[in-house]
Amino acid sequence: MERYDHKAIEPKWQKSWEEQGLFAAGKESSRPKKYWLETFPYPSGAGLHAGHPRGYTASDISVRYFRMKGFDVLYPIGWDAFGLPTENYAIKAGISPQKATDDNVANFTRQLKSFGFSYDWSRLLNTSDPAYYKWTQWIFKILFDNGYAYQKEGYVNWCPKDQTVLANEQVVDGKCERCGTVIEQKKMNQWFFKITDFAEELLSGLDQLDWPESTKAGQRNWIGKSEGAEITFAISEFSDRSVTVFTTRPDTLWGATFLVISPETAQEWIANGWEAEAAVVEYIQKSLAKTQRSRLEGAGEKTGVDSGIHAINPATTKQVPIWVADYVLGGYGTGAIMAVPAHDERDFEFAKKFGLGVTQVVSGEGELPTAAHGVLINSGEWDGLTFEKVMEEISASKYSWAKTRVQYKIRDWSVSRQRYWGAPLPVIYDKDGKPRTVEVADLPVLLPTDVDATPTGEPPLSKSVTFQNGVEEKYGEGSMRSVETLDTFVDSAWYYLRYCDPSNGEAFASSDALKKWMPVDTYIIGAEHTNMHLLYARYITKALHKLGYVEFNEPFLKVRHQGLIMGTDGEKMSKSRGNVINPDELIEQYGADTVRMYEMFMGPFDQAVAWDTNGVSGVRKFLDRLYGRALIDATSAGELNEGNLNRLIKKVTEDIEVMKFNTIVSSAMEYLNNLGEEGSGWIAPVIKILAPVIPHLAEEIWQGALGNTKSIFEESWPTYDPSKIKTETVEVAVQRNGKLRGTVTLASGTPEAVAVATVNADTKLATAIEGHSRVVYVTDKIINFVG
Ligand code: ANZ
């Protein structure tokens, strides 16, 4: 069998497509648009490994298909180039982050091109390019100028290794998402975007999106909406003070046997003149060093300290102790709770440990604590009421000390960083430290290059001697630029907008371009981006929408996640695990088409699959067979099996639409295996429907063996004729204890239960098999009733 020479044909067709500008978007405005997005890569020093191209290949197959179906497809690529890993790598290697980025980008470009992905390279963008980050800074500016960005002193997550602040979303299990170092809490002046203002819209907007349910649930959970009430308790020891708690269970008020305030609240009270005991002060200091999320998740045993002061339960008018404990968070609700140990797990644990009272107030059998709703007991005049009734009374303002309240878990998005390789904040402080944004005419604020990025705890930009030049002249004496940079999640929160109009110097994108392409129709992205990028991008879109810059208010209509590719050891493929397969070597040995087809053949697109290099060579053998067969059949005559061909076209078309790529490959293999002496008729349609998967080989056969002069990707997708797709039927022998009693006609592949039912529907046969005890069924051949 003749082997095709992938090293000759793959670069040849890549060059031909590029020279013709075949994949440029927006050439034919009469066609319906499709905007297909995949996460733009972070050009790391390690390059791509064989796990990365799975999502890219799936995208490329889809967009090549949609182009052949008549869509004008926008399928862009760019570099998420700013960021800490590059900066850290550059410091270690003794080169500038710019140089490291340029090298990495060159390597990634070569790798992606070697796969033959059909990007519109003319729209290439790079977040570290001043022409791009000018608009990142502009977005910051309009958010600040409109009150959506602000500076606040507060506790932030600090990574002592990377010497920078991290967003809540970047802290996983109390550790730095990037380097795994345990996070500290540090009090700093930091910049935030008011994502909390959009909590309700971020939540309700999810309902209309075609996203995986688990991803929507992840965002809902992160936003964390709770409906309940605020209840105010007087303080016995201070007649002029009170404490307000937030509760989702105001119905349990009669069971509130103590109150707990957060260490943050306690600290505030101290600042306002409360003379707390030494043990309380010591406890506060210890707890403030822990991260908020790890406290909320309640890791470890409960700790706390008696404050020595008391509150008066407004319903019972009884006095209850106030404790300070770090399972209550300063930044959530009111930073104070009423503890109902009988109906709350955490309060129960705490009460048990410190010997505090437990009063059941919701009826029900079984062990305490129980969070179940029910009829109230031991609750004075509330006896017999329910949660709904109490909420109704509170919203009708029946009690002066209670009102309804909605609360969200999501916190504002921290966006300022103290490292080098990012977009400088476009902020100027006046002589009194009051911030303002730089004028649009002065954008971009260029990242200075006279800086040593080595972390010292001071932002590297503070060491530049040129960075502050001209600032005082323009913005007044004593004015200074901010020396912080924006988190790279700000860069990536809007890049899909820039692709619509990537070289626009007057706006982040023209409204015409946005109208033409947005929203993104399909976004292929890893599931790990649920609570970070996917949430931030939705927020930026909603903020721009509210400010009148874009018409849509959701950026991504459909999201799909690719499954992970595991190494041959069954672990996630990653450089740190040492189990990566290098795609360069695979492409060198087998060619890009083989790797692409193998990555799709491995298993269902959204599921994890393990690498198997034998599978790669198996796919290559199939492609050689396909090529050889096409060469031979191209000049021969024969009778085409139209049933098989139409069935294949139908199957592949349906499977591409729902991203079932693995079965496309297996159906094509099966088709070739069953191919008789059918002449040349099968080649053109079969090659067309395989072209998205194996674009180079398909083009070679199309233009080479079949002698066409235009690209196969300018062809239309083949249609099938349903009348040609007859279900094949088979005669199946019906036996009783091995003796033939008749036959039934069944569709090929009929399952056993249907076969038995068909036999039973025939009165004569039904009698013949009466009283059998078991069935032996050989699909398409025999059904034997035994006993
Ligand atoms: C009394 C109560 C009784 C509660 C009961 C629950 C069950 P979500 O919003 O769903 O997380 N809470 C309020 N503020 C808190 C804070 N700053 N730190 C830690 N916990 C806090 O749950 C809200 C519930 O979490 C509130 O309702 C409060 O406990 C607690 F049978 O109040 B509950």
GluC sites (Glu not before Pro) lying in DSSP loop within the stretch 425-507, provided at most 13 other Cβ fall within 10 Å: Glu439, Glu477, Glu506
When the accessible area of the stretch 225-408 is split by element with a 1.4 Å probe, what percent falls to carbon and sulfur? 49 percent
Can you give the alpha-carbon Rg of the stretch 177-262 over 2.2 N^0.38 Å, where N counts its residues? 1.60
Using alpha carbon centers only, the stretch 210-272 is separated from the stretch 706-720 by a whole-angstrom value of 65 Å
Taking all protein chains as present, what is the carbon and sulfur share of the accessible area of the stretch 588-722, in % to the nearest whole number, probe 1.4 Å? 46 percent
Measure of size requested: the Rg and Dmax of the stretch 64-199, with Cα atoms as the atom set and Å as the unit; please supply both. 19.3, 57
Output wanted: per-residue J couplings in Hz (rounded whole) for the stretch 335-352, from phi through Karplus 6.51 cos²θ - 1.76 cosθ + 1.60, θ = phi - 60°, x for Gly and Pro. x, 8, 10, 8, 9, 10, x, 5, 10, 9, 4, 5, 5, 5, 4, 5, 5, 4
Using the heavy atoms of the protein chains and a 1.4 angstrom probe, tell me the accessible area per residue for the stretch 588-722 in square angstrom. 39 Å²
Tell me whether the stretch 140-221 comes out rounded, prolate or oblate; compute the Cα gyration tensor, take square roots of the eigenvalues as a ≥ b ≥ c, and use a/c under 1.5 as the rounded threshold. oblate
Here P(r) for the stretch 257-361, Cα-Cα distances in 5 Å bins, as whole percents, is 2, 13, 24, 26, 20, 10, 4, 0
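What does the charge add up to near Ile312, with Lys and Arg as +1, Asp and Glu as -1, over the other residues with Cβ less than 13 Å from its Cβ? Display every interim value, and only then the final one.
Working: positive: Arg241, Lys318; negative: Glu237.
Spelling it out: positives minus negatives among the neighbours equals +1.
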What value in Å³ per residue do you get for the convex hull of the alpha-carbon atoms in the stretch 1-154? 194 Å³
In a Debye calculation with equal point scatterers on the alpha-carbon sites of the stretch 385-524 and no solvent, what is log10 I(q)/I(0) at q = 0.15, 0.22 Å⁻¹? -0.88, -1.35
Inter-label distance, nm, simple model (7 Å from Cα along the C-beta direction), Glu392/Val375: 1.6 nm
Mind computing the radius of gyration and Dmax over the alpha-carbon atoms of the stretch 588-722? Å is fine for both. 14.5, 44
Anything over 21 Å Cα to Cα? Flag those among Lys516/Lys651; Lys33/Lys69; Lys186/Lys290; Lys187/Lys463, in the order listed. Lys516/Lys651; Lys187/Lys463
Mean shadow area of the stretch 404-471 over all directions, Cα convex hull, nm²: 7.7 nm²
Give the average over all directions of the projected area of the C-alpha convex hull of the stretch 729-786, one decimal, in nm². 3.2 nm²
May I ask for the percentage of alpha-carbon pairs in the chain that lie more than 50 Å from each other? 35 percent
How many times 2.2 N^0.38 Å is the alpha carbon radius of gyration of the stretch 666-771? 1.72
Neighbourhood net charge (14 Å Cβ-Cβ; Lys/Arg +1, Asp/Glu -1) for Ile95: -2
Straight-line reach from Lys572: which lysines fall under 27 Å, measuring Cα to Cα and dropping same-chain residues less than 8 apart? Lys92, Lys113, Lys161, Lys175, Lys216, Lys558, Lys660
Could the peptides 4-15, 620-631 be put in order, highest first, of the mean number of other beta-carbon atoms found within 10 Å of their residues? 620-631, 4-15
Straight-distance crosslink candidates among lysines, where the alpha carbon sits under 16 Å from Lys99 and sequence neighbours closer than 8 are dropped: none
Over the stretch 225-408: Rg over Rh, Cα atoms, Kirkwood Rh: 0.95
Work out from phi, with θ = phi - 60° and the Karplus expression 6.51 cos²θ - 1.76 cosθ + 1.60, the ³J(HN,Hα) of each residue of the stretch 46-57, listed in order in whole Hz, and give x for Gly and Pro. 7, x, 7, 10, 5, x, 4, x, 5, x, 5, 5
In the chain, taking the dipole from +1 charges on Lys and Arg beta carbons and -1 charges on Asp and Glu beta carbons about the Cα centre, the listed residue (Gln267, Val734, Asn614) farthest towards the positive end is Val734
Within-11-Å neighbourhood charge of Gly470 [Cβ basis; K, R +1; D, E -1]: -1
Amide H of Val73 versus every other amide H placed in the peptide plane: which residues, excluding those fewer than 5 positions away on the same chain, fall under 5 Å? Gly26, Lys34
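Quote to one decimal, in nm, the extra length available between Ser400 and Lys434 on full extension: 0.36 nm per residue of separation minus the C-alpha distance between them.
8.2 nm
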Carbon and sulfur together cover what percent of the accessible area of the stretch 729-786 at a 1.4 Å probe radius? 54 percent
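The values are calculated or read from the model by the stated rules, or taken from the named source; none is laboratory data. All figures in this text were calculated on a predicted structure; none of them were measured in a lab. Virtual Cβ from ideal backbone geometry, glycine too; neighbours counted across all protein chains shown. Side chains included, ligands, DNA and RNA excluded: accessible areas come from the protein's heavy atoms. Shrake-Rupley method; radii C 1.70, N 1.55, O 1.52, S 1.80 Å.
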